[in-house]
Number of protein chains: 2
Amino acid sequence: MPYAAPVADIRFLLDKVLGYDRLAATETFAEAGADVTEAILGELGRLCDGVLAPLNRAGDLTPARLENGVVRTSPGFKDGYKAIAEGGWLGISATPEHGGMGLPQTLNTAMNEMMSGANLALQLCPLLSQGQIEALEHHASDALKDLYLPKLISGEWTGTMNLTEPQAGSDVGALRTKAEDNGDGTFSVTGQKIFITWGDHDVAENVCHLVLARLPDGVAGTKGISLFLVPKLIPDAAGKPGERNSLRVVSLEHKLGIHGSPTCVMSFEGAKGWMVGKPNGGMAAMFTMMNNARLGVGAQGIGVAEAAYQHALAYAQERKQGRTPQGDTAIIDHADVRRMLAVMKAETFAARAIALDCGLAIDMGRATGKDSWKARAALLTPIAKAHGTDIGCEVSSMGVQVHGGMGFIEETGAAQYFRDARITPIYEGTNGIQAMDLVARKMMDGGEAASRLLQEVEDAAEGARATLPDLAEKVWEAAETMREAVEWLVGQEMNERFAGATAFLRAFARVLGAHYHLKAALADPEGPRARLARVFITRILPEHESLLVQARAGAAQLYDLSIEDLQTA
Amino acid sequence: MPYAAPVADIRFLLDKVLGYDRLAATETFAEAGADVTEAILGELGRLCDGVLAPLNRAGDLTPARLENGVVRTSPGFKDGYKAIAEGGWLGISATPEHGGMGLPQTLNTAMNEMMSGANLALQLCPLLSQGQIEALEHHASDALKDLYLPKLISGEWTGTMNLTEPQAGSDVGALRTKAEDNGDGTFSVTGQKIFITWGDHDVAENVCHLVLARLPDGVAGTKGISLFLVPKLIPDAAGKPGERNSLRVVSLEHKLGIHGSPTCVMSFEGAKGWMVGKPNGGMAAMFTMMNNARLGVGAQGIGVAEAAYQHALAYAQERKQGRTPQGDTAIIDHADVRRMLAVMKAETFAARAIALDCGLAIDMGRATGKDSWKARAALLTPIAKAHGTDIGCEVSSMGVQVHGGMGFIEETGAAQYFRDARITPIYEGTNGIQAMDLVARKMMDGGEAASRLLQEVEDAAEGARATLPDLAEKVWEAAETMREAVEWLVGQEMNERFAGATAFLRAFARVLGAHYHLKAALADPEGPRARLARVFITRILPEHESLLVQARAGAAQLYDLSIEDLQTA
């Protein structure tokens, strides 16, 4: 399916809205100047449009399959993966010490979005490797780093995350997989893991599993969990894959979407593993991996939204239906179709801005060491994940609708985006869990980071008043309303917060989206950015008010409705 | 998949909320008393739960297929259809003269919902037959009626609607299929039609196509279209199917959902047909068929919502995840899951009330002949269709979310509801077209019917103040806000209305939903209905305000955003 990576949109956001140039002014990211960024985005755009997108449909039609215990991937995926690896893209944000490019998470986020728009099923493979690289960089011993990182960064090997077990989904602490010390620096890992994305494949020579397991003396719950690196083929000291480890793919899942991504049930049967981090310190290491993966999944949602938008826009221009005095009319001229397309574009732009700004905060936190940047990144991460993926689902559903009856026919392709996107609000922590994270952990500072961000929104709105008075006023008022909601929230018991968490997160995303749109409009006050901002700020932003009513509705009314009540029919 | 038709919910709505007993007080529906209604709903519930629902999964897994020009339906569908036909359900609302039960559309709507919840793909077959029965009753010659109606009502034959052509979707007037007079009372119909639901199958002995086509002197557009009855097998005078007509299934579509429903590309190659209604009067006849089919499709959305809700509710009670001091917790005890389930149930209830009240208005219009009832039915029809189907999609998506990772695995079944529901906002007039119908044709009375309905909402709220003052106040205020929006709307140019039509329709549905919930609460002020109403009125109803902001945002900002702007990236 034709796809053009939104390089210009991303560059506009980086340059005109988000202040990306602050990064190149730091020592850490001195090399991420405008020229490098332009070159990187351009190169990535060509890879996405020319190599990855053309494989997207084949992945859907010919899912990965299990043959004699080995996973065979979709037609062309091996070449697609190879192109990603050869471009060095696995290591875009990895440290140069082991072969990485050392570029900012902001660019990585842009890359994740663009690749996901081109081919979500295939992009999952590098996304998982990235997470593993980061976990090893932060927590593994030097010996493990030296052995594994060059292979993962070059893409010769790939990485997976093994968290979930049948009885342990969102509640990771309930896992039962065991690890026993072999006394020689290795451990024997035994247990079954489910939903292992790219758990096996034929696109690279080795698969390295990061597996959460419990040592014999590990206490119940998350505090007794350790992390192990368990390769499919055990490498020798020189990094040559040798003996086959005692692990296998039991089966592949038959899924609603991302058919090209093999989702494995894995069985570890006394498999040899190496501990990463400290005994019983597995969750900390895993959180490193999951945290940036959350932003990566947010970017996935945005990528699919962008692709679905482009696809619908093209159809709406081609498809004739109805007449005006000027002759046959393409459906794009009908007000409701125009509305859908405008909303799709405005929503995608806003969600992208949130994700890129989150990446920027991560990078600035790293480059400056300042807690304020780190708190901002922590606050934005659940919003970027949940909102980006919700928008992925909503925009791809509108993409189906724009196509009318053709949207329901699989050949058209709109339905694939709709199916593929649906996983993103679920994995890497459901969006409900992201919302709980936002209203609980991310408000442990009494709402300080949130207030600081909202102050920034208000200040920017003040600055826009001279040029765009009506839009600026709406954004300023929304930020003020949101600030009051934050103040209310931090005074509530935890379950009161949880009962409104999803609506609170979405309201926050509405205000942020309006903020970025306003800044975009200010950079282009007579141009398309301002016209798009007007659609967002006048049509979409007002939703924050009813969302905040929901956010404050409280837990009592939900629990008053008993299970018996819910069963009443 | 286990399913229990919501007989008790429907009876509660009929008896305590909607004033269904007014029907039995009319001459036309004197037989639709409480006992008959109870018996009918009970019988239907058993059919849906025991026969149709158990076939739902097989329909998804083993789609209908085309073999040597003949469609073979999914396993068990023939038996399922036979059970529907033998129950006499095809003729539930057909006139007794040709074997129908003559029961109200209200009950028919309840039946359509229940069957759709059990098995949407299979239910489409009787739904189409019902539409054809109605079109023939109103427009066909006595000879055609006598020949076809008994067969359609008994279910020996089935009916289809042939409107769409590749270049003529929402714009039916662009069709090119031709009909030539054979001079013997028959016509030769030639052309290709697409998206023909149940266009061929093996569940009954004949398939009767109602085909829109243009006579040689038919003008361009909808005014030159006539309607023809074109049977697959041409019956003799005694109604015995004989010679095969010159029509064939070219191919079946590969669809996102409703796999058990064969969607055919049909080719009519000089096929013999009989005119229904007058020359060039095809659209009028077709509208008869489509109008009630729109309510039927709204009921489909609600049925899928109910099924998805039940499925998610069961999982949420079984699935343990996390702990409280009392021990392992089922996910239903987590606030955000409880919220999703409460919203799913409250939304389904509200959409069902709108659809049943629409059915009631159709029946009262027929029984009393009063224009006020007819106008109410006309007003409610697009709302029932668009909102019922939107809720079908939203609730089935929440059903996936409640299941977490398991929701994305096809075996779980949640994904099937999500896929199946997605067609309902598209067919029988896209929801965008429903919204345009609401703000244009249905407001040609200057908003009189809408105002009358909103007055009823306000009066009911006044009556509820003594018992439920806070809820009553919210509903009263919302109705007043909606009334102002209607007054604003009727003063606008048409494209201004269209630009906000979708939001306007949804806002109206929010107010109506709150109205029915309030009435339900009043009938059960200390019970589950009141607790559910509180969730709807305090959490969901407030959305009407931001929707009305969208409704009033106007067309200019959408068209200011040029096609070039939409392409900017």
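With respect to A:LEU454, is the statement that it is in contact with a Lys or Arg (Cβ under 7 Å, 6 or more places away or on another chain) and either surrounded by fewer than 19 Cβ atoms within 10 Å (Cβ to Cβ) or more than 24 Å from B:GLU394 (Cα to Cα) (or both) true?
Criteria met by A:LEU454.
Please determine, by comparing only the residues of the range B:67-79 that are part of a helix (DSSP H, G or I) and touching a residue at least 60 places away in the same chain (Cβ under 8 Å), which one is nearest to B:ALA204 (Cα to Cα).
So, considering only residues that are part of a helix (DSSP H, G or I) and touching a residue at least 60 places away in the same chain (Cβ under 8 Å), the one nearest to B:ALA204 (Cα to Cα) is B:LYS78.
Please verify whether A:LEU518 is in contact with a helix residue (DSSP H, G or I) (Cβ under 8 Å, 6 or more places away or on another chain), surrounded by 22 or more Cβ atoms within 10 Å (Cβ to Cβ) and either free of Cβ contacts under 8 Å to residues at least 40 places away in the same chain or at the interface with chain B (Cβ under 10 Å from one of its Cβ atoms) (or both), treating the condition exactly as stated.
no
Out of the residues in the range A:317-343 meeting the condition of being in a helix (DSSP H, G or I) and small (Gly, Ala, Ser), tell me which one is nearest to the other protein chains (Cβ to nearest Cβ).
Filtering first and then ranking leaves A:ALA335.
Kindly check whether there is at least one residue in the range A:96-114 that is aliphatic (A, V, I, L, M), touching a helix residue (DSSP H, G or I) at 6+ places or on another chain (Cβ under 8 Å) and over 20 Å from A:LEU44 (Cα atoms).
no
Residues B:ALA435, B:ALA461, B:ALA415: which one is within 14 Å of chain A (Cβ to nearest Cβ) and either surrounded by fewer than 19 Cβ atoms within 10 Å (Cβ to Cβ) or farther than 24 Å from B:ARG338 by Cα (or both)?
Just one listed residue meets the conditions, B:ALA435.
Looking at this structure, is B:ARG497 more than 11 Å from chain A (Cβ to nearest Cβ) and either out of contact with any Pro (no Cβ under 7 Å at 6 or more places or on another chain) or part of a helix (DSSP H, G or I) (or both)?
no
If you scan the range A:452-478, which residues turn out to be in contact with a Ser or Thr (Cβ under 9 Å, 6 or more places away or on another chain) and closer than 12 Å to A:LEU522 by Cα?
Correct list: A:LEU471 only.
Any idea which residue in the range B:115-170 is farthest from B:THR73 (Cα to Cα), counting only those that are in contact with a helix residue (DSSP H, G or I) (Cβ under 7 Å, 6 or more places away or on another chain) and in a strand (DSSP E or B)?
Looking at the filtered set, the residue picked out is B:ALA168.
I'd like to verify a number: residues in the range A:168-192 that are hydrophobic (A, V, I, L, M, F, W, C) and within 14 Å of another protein chain (Cβ to nearest Cβ), how many?
Matching residues across the range A:168-192 total 4.
Is it the case, given these coordinates, that A:ILE391 is in a helix (DSSP H, G or I), under 17 Å from A:GLU306 (Cβ atoms) and more than 11 Å from every other protein chain (Cβ to nearest Cβ)?
So A:ILE391 fits the description; yes.
Show the residue pairs meeting these rules: Cβ distance below 6 Å; 6+ apart or different chains; first residue within the range B:460-479 and modelled with pLDDT of 95 or more; second residue surrounded by fewer than 21 Cβ atoms within 10 Å (Cβ to Cβ) and not in a helix (DSSP H, G or I).
Matching pairs, first to second residue: B:THR467/B:PRO525; B:ALA472/B:ARG465.
Among the listed residues B:GLU165, B:GLU156, which satisfies the condition of being within 14 Å of chain A (Cβ to nearest Cβ), modelled with pLDDT of 95 or more and surrounded by fewer than 24 Cβ atoms within 10 Å (Cβ to Cβ)?
The conditions single out B:GLU165.
Suppose the filter is basic (Lys, Arg) and within 11 Å of chain B (Cβ to nearest Cβ); does A:LYS474 pass it?
So A:LYS474 fits the description; yes.
Quick grid of which residues meet (1) among the basic types (Lys, Arg); (2) out of contact with any Leu (no Cβ under 8 Å at 6 or more places or on another chain); (3) within 14 Å of chain A (Cβ to nearest Cβ):
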{"residue": "B:PRO2", "(1), (2), (3)": "no, yes, yes"}
{"residue": "B:PRO6", "(1), (2), (3)": "no, yes, yes"}
{"residue": "B:TYR20", "(1), (2), (3)": "no, no, no"}
{"residue": "B:ASP35", "(1), (2), (3)": "no, yes, no"}
{"residue": "B:ALA39", "(1), (2), (3)": "no, yes, no"}
{"residue": "B:LEU47", "(1), (2), (3)": "no, yes, no"}
{"residue": "B:PRO54", "(1), (2), (3)": "no, yes, no"}
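When you scan the range B:527-553, how many residues do you find that are surrounded by fewer than 19 Cβ atoms within 10 Å (Cβ to Cβ) and of a type outside the set (D, E, K, R)?
So the count comes out to 1.
For the structure I just gave you, tell me whether A:GLY100 is among the small types (Gly, Ala, Ser), outside the structural domain of A:GLY513 (by TED's automatic domain parsing) and touching a Lys or Arg at 6+ places or on another chain (Cβ under 8 Å).
No, not satisfied.
On the given criteria, is B:GLY50 part of a helix (DSSP H, G or I), surrounded by fewer than 17 Cβ atoms within 10 Å (Cβ to Cβ) and without any contact (Cβ under 8 Å) to a residue 24 or more places away in the chain?
Spelling it out, B:GLY50 is indeed part of a helix (DSSP H, G or I), surrounded by fewer than 17 Cβ atoms within 10 Å (Cβ to Cβ) and without any contact (Cβ under 8 Å) to a residue 24 or more places away in the chain.
For the range A:522-558, give me the residue count where each residue is more than 7 Å from every other protein chain (Cβ to nearest Cβ), outside any helix (DSSP H, G or I) and over 16 Å from B:ASP560 (Cβ atoms).
3
Looking at (1) in contact with an Asp or Glu (Cβ under 8 Å, 6 or more places away or on another chain); (2) more than 14 Å from every other protein chain (Cβ to nearest Cβ); (3) buried (at least 20 other Cβ atoms within 10 Å of the Cβ), which one does A:PHE195 not meet, given that it meets all the others?
It is condition (2) that A:PHE195 fails.
For the range B:200-251, how many residues are touching a residue at least 12 places away in the same chain (Cβ under 8 Å), within 17 Å of B:THR158 (Cα to Cα) and among the small types (Gly, Ala, Ser)?
Count: 2.
How many of the residues in the range B:356-385 are in contact (Cβ under 8 Å) with a residue 60 or more places away in the chain, more than 18 Å from B:ILE433 (Cβ to Cβ) and not acidic (Asp, Glu)?
11
For the structure I just gave you, tell me whether A:ARG65 is touching an Asp or Glu at 6+ places or on another chain (Cβ under 7 Å) and either farther than 30 Å from A:VAL265 by Cβ or surrounded by fewer than 23 Cβ atoms within 10 Å (Cβ to Cβ) (or both).
no
Looking at (1) among the polar types (S, T, N, Q); (2) under 28 Å from B:MET436 (Cα atoms); (3) at the interface with chain A (Cβ under 7 Å from one of its Cβ atoms), which is the only condition B:THR568 fails?
(2)
Would you pick out the residues in the range A:418-432 that are in a helix (DSSP H, G or I), more than 7 Å from chain B (Cβ to nearest Cβ) and within 25 Å of A:LEU548 (Cβ to Cβ)?
Once the filter is applied, which keeps residues that are in a helix (DSSP H, G or I), more than 7 Å from chain B (Cβ to nearest Cβ) and within 25 Å of A:LEU548 (Cβ to Cβ), the range A:418-432 yields only A:ASN431.
This table checks each residue for (1) at pLDDT 95 or above; (2) out of contact with any Lys or Arg (no Cβ under 6 Å at 6 or more places or on another chain); (3) buried (at least 20 other Cβ atoms within 10 Å of the Cβ).
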| position | (1), (2), (3) |
| --- | --- |
| A:HIS201 | yes, yes, yes |
| A:CYS208 | yes, yes, yes |
| A:VAL211 | yes, yes, yes |
| A:GLY221 | no, yes, no |
| A:ASP236 | yes, yes, no |
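Across the range A:367-412, which residue is surrounded by the most Cβ atoms within 10 Å (Cβ to Cβ) among those that are under 20 Å from the mean Cα position of the chain (by Cα) and under 19 Å from A:HIS334 (Cβ atoms)?
Of everything passing the filter in the range A:367-412, A:VAL395 is surrounded by the most Cβ atoms within 10 Å (Cβ to Cβ).
The values are calculated or read from the model by the stated rules, or taken from the named source; none is laboratory data. Since we're looking at a predicted model, the values are computed, not measured. Note that each Cβ is placed from the backbone with ideal geometry, even for glycine, and that neighbours are counted across all protein chains shown.
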